[in-house]
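The values are calculated or read from the model by the stated rules, or taken from the named source; none is laboratory data. Computed from a predicted model, the values in this text were never measured in an experiment. A quick note on method: Cβ atoms are made from the backbone with ideal geometry, for glycine too, and the neighbour counts reach across all protein chains shown. Accessible surface is based on the protein model in full, side chains and every heavy atom, while ligands, DNA and RNA are left aside. Shrake-Rupley method; radii C 1.70, N 1.55, O 1.52, S 1.80 Å.
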Amino acid sequence: MALLTHWDGEPVHVWARVWRAGRFEAHDVLGSTNDRLRELAAEGAGPYSVVVAEEQTAGRGRSGGVGHSPPGSGLWISVLLPCPARVPPHLPLVVGVAAARAAERSCPGVTVGIKWPNDLLLGGLKAGGVLCEQGHGAVVAGVGVNLRVPPGALPGEVALQAAALEGNASRRVSVGELATALLRELHALVPRAAKGLDEEVHAELERRDVLRDRAVATQQAGPGTARGIGPEGALLLERPDGTRVAVTAGSVRLA
């Protein structure tokens, strides 16, 4: 597991300057970029410090699910956000909007949807995800985005449900360009998210919401129809009896 001096063709100090990163580490292989960034946070790394890896061997999703991060196939990045130590419920959605914007800016021709609370979708298939975790007085935001899916890189079931930006874009995608667009959006959006979703981001989530008005099954509140996303980041669920409830945790799937 080597610490790299260059990443995507440039010295790491160049990326750190472009991104206004407190610290920046690039690795060939890591267990988890989130875990490494939490270690840096404990050592005093500043806001918007960044860790990337060309491959993760112990990446994860929400609730401890396995995250697949094969070598050379995507952007696997963690960013230290200047937020309270507790992860606000709306923050993964804000990071998701930043990632969706970055993907569309870097890949003309793609349209990214968001599946509450943290998945990025292309044409109904998963192209990426967000994992926000507590990290020594700040929040570590991990983002994974598939740039390409080489044959055999993912397990069969996962591969059938996966999408990649290059399969939907009009040109080859630069991982550095995508990361730069992501950091630009995070710098713009995160300071505005201190008290919840502002009107602009909330409206954008409503447009990107792939669950809206669809029958779903939620782990927290059972079945119903998704009726959008509330200003605090909750999934609004209409139950079969017509009552509505805010879903704030757990998984959700199409029914």
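Got a sec? Which strands (runs of 3 or more DSSP E) wholly within the range 173-255 have at least 3 residues that are of a type outside the set (S, T, N, Q) and surrounded by 15 or more Cβ atoms within 10 Å (Cβ to Cβ)? Before you say what the answer is, go through the steps one by one.
Working: elements: 215-218, 222-229, 235-238, 244-247, 252-254.
Filter on the range 173-255 gives 222-229, 235-238, 244-247.
Among the residues of the range 131-172, those that are at pLDDT 80 or above, open to solvent by 50 Å² or more (accessible area, probe 1.4 Å) and of a type outside the set (S, T, N, Q) comprise His136, Gly137, Arg148.
Of Ala226, Ala215, Ala234, which residue is touching a residue at least 40 places away in the same chain (Cβ under 8 Å) and more than 22 Å from the chain's Cα centre (by Cα)?
On the way: Ala226 fails: more than 22 Å from the chain's Cα centre (by Cα); Ala234 fails: more than 22 Å from the chain's Cα centre (by Cα).
So the residue among Ala226, Ala215, Ala234 that is touching a residue at least 40 places away in the same chain (Cβ under 8 Å) and more than 22 Å from the chain's Cα centre (by Cα) is Ala215.
Looking across the range 37-52, the residues that are open to solvent by less than 10 Å² (accessible area, probe 1.4 Å) and either more than 17 Å from Leu186 (Cβ to Cβ) or assigned to a helix (DSSP H, G or I) (or both) come down to Leu37, Leu40.
Only residues that are open to solvent by 80 Å² or more (accessible area, probe 1.4 Å) and in a helix (DSSP H, G or I) were counted across the range 1-17, and they come to 2. Listed conditions (1) buried (at least 24 other Cβ atoms within 10 Å of the Cβ); (2) within 16 Å of Leu182 (Cβ to Cβ); (3) not charged (D, E, K, R) are all met by Asn118, apart from (1).
Remark: pairs (first residue in the range 22-37, more than 20 Å from Leu183 (Cβ to Cβ) and at pLDDT below 95; second residue in a loop (DSSP other than H, G, I, E, B) and open to solvent by less than 20 Å² (accessible area, probe 1.4 Å); Cβ separation under 9 Å; 6+ apart in sequence or on different chains) = Gly31/Gly59. Among the criteria (1) at pLDDT 95 or above; (2) part of a strand (DSSP E or B); (3) more than 13 Å from the chain's Cα centre (by Cα), the one Glu55 does not fulfil is (1).
Note on the range 83-150: enclosed strands (runs of 3 or more DSSP E) holding 1 or more residues that are without any contact (Cβ under 8 Å) to a residue 40 or more places away in the chain, more than 18 Å from Ala234 (Cα to Cα) and not polar (S, T, N, Q) are 125-134.
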